[in-house]
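Here the structure comes first, spelled out in C-alpha cells, and everything after it is commentary.
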Amino acid sequence: MSSSNSSPSAQSTSPQSPILSLWKAYTQNTSDRLKFIDTFLVFLMASGVIQFLYCVLVTNFPFNAFLAGFASTVGQFVLTASLRSQVNPENRSEFKEVSPERAFADFAIGSIVLHFFVFNFLG
Amino acid sequence: MWSFYTFILLIFGFVSVLDAKSSSGNSVLVILDPARQPDYSIFFNGLKEKGYDLTFRAPKDEAPVLIEDDIPSFAHVILFAPDSKHFGKDVTPQALVQLLSSQTNLLIALGQKQNLVTSLAPEFSLILPPPGSSLVSYFPERKEPPTVVPIDVPSSSKILSSSSSPVWFSGVPFALGNNPLVFPILSAPAEGFAADSEGSTADALFDAADKGGEGLWAGSQLAVAAGFQALGGARATWVGGVELFSDEFAKKEISKGVKSGNQQAAADLAAWTFQESLVLRIDSTTHHLVGTSVPKEHYTTNDVVEYVAQISRFNPSKDKWEPYSGLDDLQLEFTMLDPHIRTALPPVPGSPGKYAVTFRVPDRHGVFKFVVDYKRKGWTHLQSSTTVPVVPPRHDGYPRFLSAAWPYYAGAISTSLGFFLFSAIYLAGDPREGNLRGLRAKSTKAQ
C-alpha cells in the first residue's frame, strides 16, 4: 500500500523530477564553500551576458572598453572555475600535488594579473 | 607777414582739397587728333582740375611710347581716336592688353569705322553690330536727328551719379558676351536699335536682320558704355561714341533750361576707370581660436575659429584709404578642394572696416584655406587666401572615458570588487563550513 502510494507521488513529480532531483542533489551534497564559488560564477556570467547584450543591442563603441569589460568577466570566470575544480574534494585524485592553499594562491595571482591588464585596456 | 603765411597755408589747403587723385597714379596719356582736342576741353579740364597730368599724343605719333622697357609709361590711357585708320607702331591690340595686365587703366571710345579698336573689342567680349551702324531711336520725339539719343541714367547705377539728368549719346551700341568680367554701365534705351545711320527706317532694319541672319540689334540689352574689370585690378571702359565726352553734348540742353548729364557722366566714367571710385582692398586678414588672439600654426578638427578681415576703400576726395564697413554680401569659404564651409562675413558693428565670423572647423583633417573671393560688378575684386593645416586630435586629445561605455566600466569594476570580496570571504572562511583546513579534513574523510 505504501509502495502504491509512493508510486503516484513519484509519477506526479516525474515531469520536473530530473531538474528537481538535480537541484536537490546539488543543495544537499555540495559544500557551502563550493556554493559560494558557484554564486560568484553565476554573478560573473550574468555580468558577461549583460555586457555582451549591451554590445550587440546598443553599441560596441569604444570597442576596447567592451573587450576589457567582457574579458575581465570571462577571465575571472575561468580562473574561478579552475579554483572550484581544484578545491573540490571529489577531484582530490586529479590534483594530488595541488593543495587548496596553492590553488587559491594561483587563483589570486592570476586574477591580479588579469585585472592589471583589464584596467590598462579599459580607458 | 602773418596774414601772408595764413594766405599761403589757405592756398595749399585749398589745392590739396582740389587735388583729388586716383588710387593708382596720376599720369594720363590721351591719344587724340590734336585738331579735335578743343572739342573735349570741358572733360579734359575737369581731369586736370582733379590733379591728373594729361599728355596728348596724335594717333600717328611715335612718342611718347605706351610701354618703355616693359614698363608702362602712364598710369592711365585714354584712346579717343575712333576714326583713325593708322596708329603709331607701338599702339597695337597686344600692347593695350599688356597695359591692362600691368595695371594700366584704359578708357576707349568706339567708332563706326573698322580699326584696331573695333578689332580689340571682341577680346573684351563686346559684340559689335555690322560696321557703319549706329544707335537710332525715334523716341522721345525731338528736333535732333534720330542718331542723337538721350539716355536716362539708371537709378541703381553705382558708377554714374544717379541724380544727373539724361545723357546725350551718339555712336555705336554693342551687345555683351558672357564674359563675367564685363558689365554694362549705361544701357541703350529700350526703343533704340542699331542701323545704318543714313535715314534707315524700322522696316529696313527688319529686312537687314532677316537677310543678314544676325538677328535684331535692338533694345536695352545693348549697352553704350561697358566696364571691364581685369583680374589684375586694372579697369577698362568702352564707350560707344566719343561724342559723349564732347563740349557740344555737355552744353546741349535736354529740354528747355535743363542741362544734360554728359559732363557729370563723363567725369564719373573717368573716375571709375582711373580707380577713384569703388576701389577696395583687403588690408589684413587674421585667424585665431575663439578666446585667444594669436594665429595658430594649425588647427584641430572641431576647433572653434574666428576669422577677421580688415577692408579699406579708397576715398578720392582725401586721397586716402579709409576703413569701409559697407559690404554686406562678403563671404568666407573654408576650402579643401571644395568649400567645406561657406559663410557670411559680416561687418563688426562699432569697429570700422572690420569683418569677422566665428565658425567650427569641420570634422575633417587636411590642408584647408581661408578664402575670401569677392567679385562684384564695378567693385575692385577682393581676393585673399590663407593656407592652414587642420589636424586630427593628438593621441591624448580624445576624451578618455565615454558615457556610452559605462556598462563596460561597471562590468570591469564590479568584477574586481567581486574578486576582492570573494577572496576576503573565502579566506575568512564560512563559519558553518569551517576554514580551509576543515575543508581539507572533510575531503580526506570523504576519501
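What is the local net charge at B:VAL305, summed over the other residues whose Cβ is closer than 12 Å to its Cβ (Lys, Arg +1; Asp, Glu -1)? Local charge sum for B:VAL305: 0.
If you place +1 on the Cβ of every Lys and Arg and -1 on the Cβ of every Asp and Glu, how big does the dipole about the Cα centre of segment B:2-273 come out, in debye to the nearest 20? Each step should come with its number before you reach the end.
Working: 18 positive and 28 negative charges, 119 e Å.
Result for segment B:2-273 is approximately 580 debye, rounded to the nearest 20.
With both residues required to sit in the protein assembly as shown, DSSP beta bridges show an antiparallel share near 75%. Of all lysines in the structure, those lying under 19 Å Cα to Cα from A:LYS35, and not within fewer than 8 positions of it along the same chain, are A:LYS24, B:LYS442. For chain B, the longest principal axis of the alpha carbon atoms and the long axis of helix B:2-18 meet at an angle near 80°. The distance linking segment B:137-166 with segment B:54-111 is 30 Å (Cα centroid to Cα centroid, whole angstrom).
Counting each DSSP H run of 4 or more residues in chain B as -39500 (n - 2.57), what helix-only mean residue ellipticity at 222 nm follows after dividing by all residues, to the nearest 500 deg cm²/dmol?
Values: 9 runs with 103 residues, N = 447.
Value at 222 nm, helices only: -7000 deg cm²/dmol.
Leaving ligands, DNA and RNA out of it, rank B:ASP283, B:ASP363, B:ASP69 by accessible area with a 1.4 Å probe, largest first.
On the way: B:ASP283 70, B:ASP363 115, B:ASP69 140 Å².
Ranked list, largest accessible area first: B:ASP69, B:ASP363, B:ASP283.
Pairs of alpha carbons in segment A:32-122 separated by more than 16 Å make up 59% of all such pairs.
Of all beta bridges that DSSP places with both ends in chain B, some 75 percent have antiparallel geometry.
For chain B, the longest principal axis of the C-alpha atoms and the axis of helix B:262-273 are separated by about 40°.
Considering only DSSP states other than H, G, I, E and B, which trypsin sites (Lys or Arg not before Pro) in segment A:13-78 qualify as loop sites with at most 16 other Cβ atoms within 10 Å? Can you show the working numbers first?
Details: sites: A:LYS24, A:ARG33, A:LYS35; in loops: none.
Sites meeting the loop and neighbour criteria: none at all.
Shape summary of chain B, radius of gyration then Dmax from alpha carbon positions: 36.6, 140 Å. Ligands, DNA and RNA aside, B:GLU191 has an accessible area near 100 Å² when probed at 1.4 Å. Straight-distance candidates among the lysines for linking to B:LYS85, with alpha-carbon spacing under 27 Å and chain neighbours fewer than 8 residues away dropped: B:LYS60, B:LYS113.
Summed over all non-identical Cα pairs, the Kirkwood treatment of segment B:146-201 gives a radius of 13.0 Å. Within the straight-line cut-off of under 20 Å between alpha carbons, the lysines reachable from B:LYS21 are B:LYS48, B:LYS50, B:LYS158, B:LYS318, B:LYS320, sequence neighbours fewer than 8 places apart in one chain being disregarded. Membrane-span-like helices in chain A, defined purely by DSSP H runs whose alpha carbon atoms cover 30 Å or more axially and whose average Kyte-Doolittle hydropathy reaches 0.0, are A:32-57, A:63-87, A:100-122.
Antiparallel beta bridges, as assigned by DSSP with both residues in segment B:280-391, represent about 95 percent of the total such bridges. Note the angle between two axes, namely the Cα long axis of helix B:202-212 and the longest principal axis of the Cα atoms of chain B, as a number of degrees from 0 to 90, rounded to the nearest 10. The two axes meet at around 60 degrees. When all protein chains stay in place and ligands, DNA and RNA are ignored, the 1.4 Å accessible-area order of B:HIS288, B:HIS365, largest first, is B:HIS365, B:HIS288. The orientation-averaged projection of the convex hull spanning the C-alpha atoms of the protein assembly as shown amounts to 58.1 square nanometres. Computed from backbone phi, the HN-Hα couplings of segment B:27-38 come to 7, 10, 9, 10, 9, 7, 5, x, 5, 9, 4, x Hz, rounded to whole numbers (Karplus: 6.51 cos²θ - 1.76 cosθ + 1.60, θ = phi - 60°; Gly and Pro given as x).
Relative to the Cα centre, the charge distribution of chain A, modelled as +1 at Lys and Arg Cβ and -1 at Asp and Glu Cβ, gives a dipole magnitude of about 140 debye.
The values are calculated or read from the model by the stated rules, or taken from the named source; none is laboratory data. Keep in mind the model is a prediction, meaning the values are calculated, not measured. Here the Cβ is made from the backbone with ideal geometry for all residues, glycine too, and neighbour counts use every protein chain on show. The area values use the complete protein model at the heavy-atom level, side chains included, leaving out ligands, DNA and RNA. Shrake-Rupley method; radii C 1.70, N 1.55, O 1.52, S 1.80 Å.
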